[in-house]
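Here is the structure we will look at, set down as structure tokens.
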Amino acid sequence: MNISKAVAALEISGLHKYYGSFHALKGIDLIVNRGSFFGLLGANGAGKSTSIHMICGLTKKTQGSIKVLGYEVEHHHEIISRLIGLSQQEFNLDRFFPLHKLLRYHGRLYGIGKKILDHRLDELMSQFGLWEYRNQLTHRLSGGFKRRIMLVRALLHDPEILILDEPSAGVDIELRIDLWRYLKKLNQEGKTIILTTHYLEEAQSLCDDIALLREGEIILQGRKDDIVSKLKGNLINFFLPNPLETPHVE
Amino acid sequence: MSSKDLTLSLSAHAATLSQKKWAGFFSLSLREIERFLTMKSMTVFPPLISTALYIIVFGFFMGRQIVDIHGFSYIMFILPGLLLMSVTMNAFMNASSILYMARYDQTIQDVLLSPLSYFQIVSAYTVSSIVRGVLVGVLVCVAGVLLVRMPIHSPAILLLFLMISAQVFGSFGIMIGLRAEHWEHIAIYINFVVTPLTFLGGVFYSVSLLPPWLKTLNLLNPMFYMVNGLRYGILGISEVSILGSFLITLLLGSTLLGITVYLFKIGYKLKT
């Protein structure tokens with residue numbers, strides 16, 4: 001099983017999704033090159049999470065084709081699942097087990113051996129400031145920590161493609177900056193990263209390529225600088241001469 | 001740099017894929033076993049207490065007023081059935097609650113994203129249900145031996161029927177755990193399917209005492225064959241062929257396992 005460098009990390013063509021009569025995705029075509037940092041931008045309900053879920057095989061497509069590193073998602077789930085790491089927008093952490101056990105079981109699902117798993121857990125839990133919380137049950141941790149756990153879980157099996165669905169939702173500015181720095185480092189090391197976000201500035205500081213989704217359609221796609229310059233013409237910037245005063249509440 | 005150099009080989013992935021998959025299967029099985037063991041006061045001990053109460057009521061209070069059946073006291077005759085009730089209920093509850101909860105809090109997506117095949121996922125959930133069922137079954141047997149000196153005619157057949165009975169209800173539990181939209185849906189299946197099948201499966205009576213039409217009806221109840229197998233394992237008596245009972249239970253278990261794997265494959269209530 002060889003994957004040529006020339007093969008795209010992700011290739012989507014003619015992708016449609018209907019939920020009943022609702023046409024959620026209207027014929028998406030997308031190519032994400034290997035090693036790139038790709039941003040999928042759009043407002044709530046634009047179809048970002050639906051697209052991500054279909055790439056990972058969690059949602060059934062209605063029509064079209066999705067290939068991950070040349071493998072059809074529909075037919076090669078077992079290979080693709082090793083190549084992809086997904087951090088979802090919604091927290092879905094098992095509340096029964098303490099953090100270290102939860103991650104250990106997760107790593108074993110991917111067949112990671114004990115030595116490598118111990119090493120990965122040490123590395124990632126330290127990186128994300130989770131080490132001291134390793135014996136805590138996840139539901140007792142704050143949203144920011146849950147977000148970190150989601151990221152560690154996605155990275156644990158060292159996937160070739162990292163998919164992050166709104167990774168900075170609900171995290172403080174400090175973690176956001178640390179996270180951006182870490183993601184850039186991963187990307188420089190060769191990992192393909194696909195990121196969905198509402199925030200243009202997030203895509204602007206991280207991504208090489210951007211696609212803009214609106215109501216299930218890609219309305220803009222290309223290099224970051226081209227997209228941002230196109231969008232800037234349609235933005236209204238407000239400049240405040242003085243900082244706003246916080247209203248005093250008795 | 002040649003194109004060959006530009007090619008990233010994933011053959012290491014492929015070579016170890018198969019053995020890694022089974023490591024994943026064991027991990028999921030162990031995780032689900034640990035889950036019910038962390039709640040043993042809710043999962044393992046209650047059936048033990050209820051069976052002990054059955055033994056006290058039917059063995060010491062009422063049982064003496066009921067005539068022997070096939071040469072055994074009434075409590076001894078119904079013990080295999082009580083054992084089956086505990087085993088099947090626990091296997092069913094284990095699988096149905098795990099699947100329902102995993103769907104409810106979306107932790108099932110974590111498993112669906114893993115490289116495990118649907119067969120391995122379903123098997124891991126089934127194995128944890130079998131372990132819970134058999135563990136409860138062994139404890140009930142210990143209680144039977146200690147309280148009423150329950151004999152064990154054939155430990156191998158006893159264990160075999162404990163396992164396949166737990167598998168049948170584990171698989172059935174997975175189906176219901178996938179189908180249920182609320183906890184009440186699981187309770188509906190317990191009240192309207194599992195309990196009637198158990199009570200009408202020859203747990204508390206011998207089919208030889210039934211009129212012919214009821215005897216025929218009883219033969220359509222899969223629980224009857226499980227009770228029959230366990231009764232043979234414990235008391236050494238059976239009302240129909242042991243091999244036949246084994247094959248019918250095995251067929252039922254395989255069919256239910258096949259259906260659950262299929263439901264996972266089509267993403268029934270798992271994928272939108």
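A few points about this structure:
- Positive-end residue of B:Tyr189, B:Ile152, B:Leu219, charge dipole of the range B:29-265 with Cβ unit charges: B:Ile152
- Positions from the range A:36-61 whose accessible area shrinks by 20 Å² or more when the full protein complex is built, not the chain alone, probe 1.4 Å: A:Gly57, A:Leu58, A:Lys60
- Span from the the range A:55-97 Cα centroid across to the the range B:17-69 one, whole angstrom: 36 Å
- Among the trypsin sites (Lys or Arg not before Pro) in the range B:75-178, those located in a DSSP loop and surrounded by at most 15 other Cβ atoms within 10 Å of their own Cβ are B:Arg149.
- Shown here: the range B:56-201, whose C-alpha atoms stretch 56, 32, 21 Å along the first, second and third principal axes, sorted largest to smallest.
- Chains B and A together bury roughly 3600 Å² of accessible surface, counting both sides and using a 1.4 Å probe on protein heavy atoms.
- Dividing the Cα radius of gyration of the range B:146-272 by 2.2 N^0.38 Å, with N the residue count, gives 1.19.
- Inter-site label distance for B:Trp183 and A:Ala43 at 7 Å from Cα along Cβ, in nm: 4.0 nm
- For the protein assembly as shown: accessible area per residue (Å², 1.4 Å): 47 Å²
- For the range B:29-265, a crude dipole built from +1 on the beta carbon of Lys and Arg and -1 on the beta carbon of Asp and Glu, taken about the Cα centre, is about 220 debye to the nearest 20.
- Selection of trypsin sites (Lys or Arg not before Pro), the range A:1-60, meeting DSSP coil and at most 16 other Cβ within 10 Å: A:Lys5, A:Lys60
- Of all DSSP beta bridges in chain A, antiparallel share, percent nearest 5: 55 percent
- Solvent-accessible area, 1.4 Å probe, carbon plus sulfur percent, for chain A: 50 percent
- 0 to 90° range, to nearest 10: angle between helix B:118-148 axis and chain B longest Cα axis: 30 degrees
- Per the Cα gyration tensor, the range B:63-135 maps to an equivalent ellipsoid with semi-axes of 40, 12, 6 Å, ordered largest to smallest.
- Contact order relative to length of the range B:29-265, as percent, for alpha carbon pairs under 8 angstrom and 6 or more apart: 26 percent
- Helix B:155-179 and the longest principal axis of the Cα set of chain B meet at an angle near 60°.
- The dipole here belongs to the protein assembly as shown: it is taken about the Cα centre, uses +1 on the Cβ of Lys and Arg and -1 on the Cβ of Asp and Glu, and is about 960 debye.
- Among the listed pairs A:Lys146/B:Lys20; A:Lys146/B:Lys40; A:Lys114/B:Lys20, those whose Cα-Cα separation exceeds 18 Å are A:Lys146/B:Lys20; A:Lys146/B:Lys40.
- For the protein assembly as shown, the convex hull spanned by the alpha carbon atoms encloses 211 Å³ per residue.
The values are calculated or read from the model by the stated rules, or taken from the named source; none is laboratory data. Keep in mind that this is a model prediction, so the values were computed, not measured. As a convention, Cβ positions derive from the backbone with ideal geometry for all residues, glycine included, and neighbour counts pool all protein chains shown. Side chains included, ligands, DNA and RNA excluded: accessible areas come from the protein's heavy atoms. Shrake-Rupley method; radii C 1.70, N 1.55, O 1.52, S 1.80 Å.
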